Each structure stands twice: as structure tokens, then as C-alpha cells.
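Worksheet: the structure to be examined is printed underneath.
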Amino acid sequence: MSKARLALAGGGPLVVLTGAGMSAESGVPTFRDAQTGLWERYDPTALATPEAWSRDRDTVWAWYRWREHLVGAAEPNAGHRAIARAAGDRSVTVVTQNVDDLHERAGSDEVHHLHGSLFAHRCDRCGTPIAAGPAPTGPVGRLAPPGCPRCEGRARPGVVWFGEMLPQQPWDAAVSAISAASAVLVVGTSGLVHPAASLPGIAADNGIPVVEVNPGPSGLGREAAVHLRATAGEALPMLLAR
Ligand code: APR
């Protein structure tokens, strides 16, 4: 821990790059953890691709609304709160692959969502934001998404599916924040999905110290100067304490 605290010390701008493991202790499932990971239980090609949407929109829409319900029933954990508190002492930019709102609900106010948000429903044709109303309180097999007020389109989840481009603004903000960072903290990601997985390497290639918090193995190798084998809720309150 002391080596990690040393790497993060100095008070300069901190970038925190988070993945699904960040929300695991809030009860929100990750994607690739054995047994519990969403992609261990569901087929991503049937739920998280544009082709899946064209093939069976109502099943995809129902699944994402169920995930919204899971997030709505969750609370930020000690890790989310520690990151939000750290912003009281230094500039902290959160760059997350997560589509939940737990960083914001913990009080972080600079959060960039590389993979979109469960709550940003938009028309699948013209992109108009569409309010979808309350999420169902349990898993439902199929659900017809609401129509668009401006065209014949339908509401789609505001997340980035496999094969889709990332939104440019959060990506640019992430690269700019990392380039100006004095340290990068990577929490709870398997480091397998690009381009997000390339961000720690951008920091390391610029001589910026990278610290990883993850109880398990990940794709992060040489990029991280320190690998803390711990959970977000355990490590972050100590790591980011004043
Ligand atoms: N604290 C910290 N890390 C944890 C915890 C925890 N409590 N629990 C699990 N982890 C770690 C796991 O060891 C794993 O390395 O979190 C990581 C989660 O990895 P994934 O499930 O692959 O999630 P993520 O890396 O965010 O996936 C990236 O894949 O499917 C796409 O769009 C999806 O954004 C997602 C992307």
C-alpha cells in the first residue's frame, strides 16, 4: 500500500480509470468474473451489438431496463465515496467504462463515460433523447421501447455496443486528462476491451505512474508500476486518505 500511496502522492491531477469491478461491491454484476459475470450468464452477441438490436429489439430493451433497475437499487460503495472525497484535495478526473451513475451519486462531478450511460436513452434513428420512464422492478423477457417524439424511431439504450464507435467527447477528455495527470489509478477493469484498455499504456509511455487496484488478474502488465491485489472498497479509502 505504501508504494501505491507514494506513486499517487504529490497532489497533482489524478485520473481514475474504472471498470465494472468498481461497482461490484455495490452489488452490480461485472462482465467477466467467473459465475457472476454478465457475459458468463448472457450472450453479448444477443444483447450488446447493433445486430442484436435489429434482430430482437424488445429483448435487448428489456435486458437493459432490468440493468437500470439493478443500478437504481444499488448504492455507491466506499470506493466510489473515497474517489469523490479525494477531489476535495486535488483535481480528480474519473474516466469510466461503466454505464451506471454510482460515481456521480457518490459526489464525483468530473466523470467521463467512455461506454455511455444506461440512463441516456435516445432515438435509434435521429438520436433525440427519449425519457423512458421507470425501469421494471424485475427481469422481464421482452419489452417494447417507447417511440420517438420526432420520427418513426424507437428508444435505444444509451450505451456503446460491441462494434460501435466510442463517443468522441469522453474519449478526447480522457486522453487529455491522462496526458496532464501526475498519476493514474486503474480500478476494477480486466483491461481487455479497447480502446479504453490502451489508456494506462498512454500514461506509462509518458512516464506517468499507474497504480492498479484489482483483487484478480487483469490485462494490465508493465503499464502499472504497482498492482494492489485488493477490492475497490477495501483499498481506495486507505489509498486516497488525506
Ligand atoms: N474491486 C475491484 N476490482 C474488482 C472487484 C472489486 N470488488 N470485483 C471484481 N473486480 C475486477 C475483476 O477481477 C476484473 O478484472 O474487476 C474486473 C472486471 O472486469 P470486467 O468484468 O471485464 O469489466 P470491465 O473491465 O469493466 O469490462 C470492460 O467490457 O463488455 C464490455 O462494455 C463492457 O465496459 C465493459 C467492458
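The values are calculated or read from the model by the stated rules, or taken from the named source; none is laboratory data. Bear in mind that the values here come from a model prediction, so they are computed numbers and not experimental data. Every residue, glycine as well, gets a Cβ built from its backbone with ideal geometry; the counts of neighbours run over all protein chains shown. These accessible areas exclude ligands, DNA and RNA; they are computed on the full protein's heavy atoms, side chains included. Shrake-Rupley method; radii C 1.70, N 1.55, O 1.52, S 1.80 Å.
Couple of notes before you dig in:
- Residue match in segment 37-47 (condition: surrounded by fewer than 15 Cβ atoms within 10 Å (Cβ to Cβ), at pLDDT 95 or above and away from the ligand (no atom under 13 Å from the Cβ)): yes
- Filtered by the rule that a residue be assigned to a loop (DSSP other than H, G, I, E, B) and either touching a helix residue (DSSP H, G or I) at 6+ places or on another chain (Cβ under 7 Å) or crowded, with 18+ Cβ neighbours inside 10 Å (or both), segment 204-221 gives N206, I208, P209, N214, S218, G219, L220.
- Checked against the criterion of being open to solvent by 50 Å² or more (accessible area, probe 1.4 Å), among the hydrophobic types (A, V, I, L, M, F, W, C) and more than 10 Å from the ligand (Cβ to nearest atom), the candidates A34, A73 yield just one match: A73.
- Which numbered condition D58 misses (of (1) touching a Ser or Thr at 6+ places or on another chain (Cβ under 8 Å); (2) open to solvent by 20 Å² or more (accessible area, probe 1.4 Å)): (1)
- Residue in segment 165-174 that is assigned to a loop (DSSP other than H, G, I, E, B), more than 10 Å from the ligand (Cβ to nearest atom) and touching a Ser or Thr at 6+ places or on another chain (Cβ under 7 Å) present: no
- The listed residues are E164, E152, and the only one of them that is open to solvent by 40 Å² or more (accessible area, probe 1.4 Å) and in contact (Cβ under 8 Å) with a residue 60 or more places away in the chain turns out to be E164.
- Whenever a residue of segment 180-203 is on the phi > 0 side of the Ramachandran plot and in a loop (DSSP other than H, G, I, E, B), it has no partner that is β-branched (V, I, T) and open to solvent by 10 Å² or more (accessible area, probe 1.4 Å) lying with C-beta atoms less than 6 angstrom away and at least six residues away or across chains.
- Members of segment 113-149 that are among the polar types (S, T, N, Q) and open to solvent by 70 Å² or more (accessible area, probe 1.4 Å): T137
- Within segment 222-238, being modelled with pLDDT under 95 and within 13 Å of the ligand (Cβ to nearest atom) holds for one residue alone: A224.
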